1. Quick one: count up the residues across region 268-307 that are part of a helix (DSSP H, G or I) and surrounded by 15 or more Cβ atoms within 10 Å (Cβ to Cβ).
2. Provide a single number: the residues in region 311-344 that are touching a Lys or Arg at 6+ places or on another chain (Cβ under 6 Å) and modelled with pLDDT of 95 or more.
3. Has region 273-280 got any residue that is closer than 14 Å to L371 by Cα and of a type outside the set (K, R)?
4. Could you go through region 57-72 and let me know if any residue there is closer than 26 Å to D134 by Cα and either aliphatic (A, V, I, L, M) or assigned by TED's automatic domain parsing to the domain that holds V132 (or both).
5. Looking only at region 237-251, filter to residues that are of a type in the set (G, A, S) and surrounded by fewer than 22 Cβ atoms within 10 Å (Cβ to Cβ); which one of those is nearest to F325 (Cα to Cα)?
6. Pick from region 70-129 the residues that are acidic (D, E) and exposed (fewer than 15 other Cβ atoms within 10 Å of the Cβ): which of them is modelled with the lowest pLDDT?
7. Which one is surrounded by the fewest Cβ atoms within 10 Å (Cβ to Cβ), of the residues in region 202-234 that are under 19 Å from W44 (Cβ atoms) and in contact with a helix residue (DSSP H, G or I) (Cβ under 7 Å, 6 or more places away or on another chain)?
8. Being surrounded by fewer than 18 Cβ atoms within 10 Å (Cβ to Cβ) and of a type in the set (S, T, N, Q) is the filter here, so list the residues in region 1-54 that pass it.
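The values are calculated or read from the model by the stated rules, or taken from the named source; none is laboratory data. Given the structure is predicted, the values throughout are model-derived calculations rather than measurements. Note that each Cβ is placed from the backbone with ideal geometry, even for glycine, and that neighbours are counted across all protein chains shown.
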Amino acid sequence: MNKNSPIHHIPETLRLTDNVLIEASERFGTPLYVYDADLMNERWNLLHSILPKNITLFYSVKANPNISIINIFKELGANFEIASHGELSAVLQTGVSPRNIIFIGPGKTPHELNEATHYDLKAIVVESKREVEDLQILSHNKGKKTAIALRINPGRGKGTIIMGGATQFGMEKQQALDILINANRYSDLKIIGLHAYLGTGILEWRTIVEHTEIILHTFDDLQKISGKEFSFIDVGGGFGIPYYEGEQSPNWNELREPLYRVINEYLEKYSKTEIIAVESGRFLTGPSGVFVTRVVDVKKSGNKKFVILDGGTNVFGGDNRYRGFRPTPIKVLNSYNNTNIEPLTLCGPLCTSADQLAVDTLLPLPNIGNLIAFYQAGAYGLTASPGLFLSHGFPNEIIYEDNKLHLIGKNGMSLA
């Protein structure tokens, strides 16, 4: 079945025009990623405007860990959620205070925990009893107190990626209660709070409210039963962006009042709460990015036309893994004079039939040398892709800021 590319999902305020993207490809080669710094600022301000004022926003570094992008959010006053020692090093390199960082993840190694205890982080979010016990030993041996928060798995959530229920994330409520009730065993740890995250990629504001209610109810139970009260709680996030035909963003402004009400009801019971954290990555960076690749061949096989590109799923696989059968917003750059629209299958250069970025998608037929742009590509693009597969190398990363293009990533590494 032929499919339309949902180009209506390209943000109206994106400053990466065809001419800007063409200039970037001429200067820095293809494939490449180009990011709009101003749009990241806009997304930050938008999210702040729809969240209650008593929310503290954390940038989820996993969405895009480029140091220049981390620095954009640092300048905006962000806190940071990291999930590896590599991400911790990247954030600290920009001069962010460790007190503005939380460290999450279900598989922190003893080495990572040892490194994390060197810094006075806001909290290490522990996801198992093993992590608690390892941190107690490490902290005792170093003669210091380590702030931790317990990640709770409160039940199944909603979204394109489910993070609650029968998953590897967090601990069940009873295990958390055992830790809280026996907190005297962990005298070198300071349990400052609780964390939960039910799902991500959410395009329904009511789901955000529902998840927050479930999480806060679970936190309420834990505090009532244990007799503890916490200064820090993290209710996750999960704000999505539309990628595919049939998806659309909700009116996020409708979220503000019901979310404010749910949070205030909680705060009326727990006045010692100083920080209510929300995490976001994809919402903040996704719309700002464009992946640009060049046509190297056009061929026909059977009744299908294949367009071969110099970048494929090795550098634009992301967390969707196999994008092809649901095309994201795609444009053949400067193709407005070409009215020859037909179903095309866009493929990368890899020796695998799975290397397809769009299948039977209605687009102008390009010539060899033309550029193809994939939008909504600023989150989980390059760093979530299997870049070493077939050893084609890594695309450059460019940021468009103050009407200028700047190289910020090369050979898979950020440029400070």
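1. Total satisfying the criteria: 7.
2. In the first step, residues of region 311-344 are kept if they are touching a Lys or Arg at 6+ places or on another chain (Cβ under 6 Å); the result is 327, 344.
Now drop any that are not modelled with pLDDT of 95 or more, which leaves 344.
Result for region 311-344: 1.
3. no
4. yes
5. My answer is G246.
6. Filtering region 70-129 for residues that are acidic (D, E) and exposed (fewer than 15 other Cβ atoms within 10 Å of the Cβ), the one modelled with the lowest pLDDT comes out as D120.
7. My answer is W205.
8. Scanning region 1-54 gives N2, N4, T13, T17, N19, N41, N45, S49, N54.
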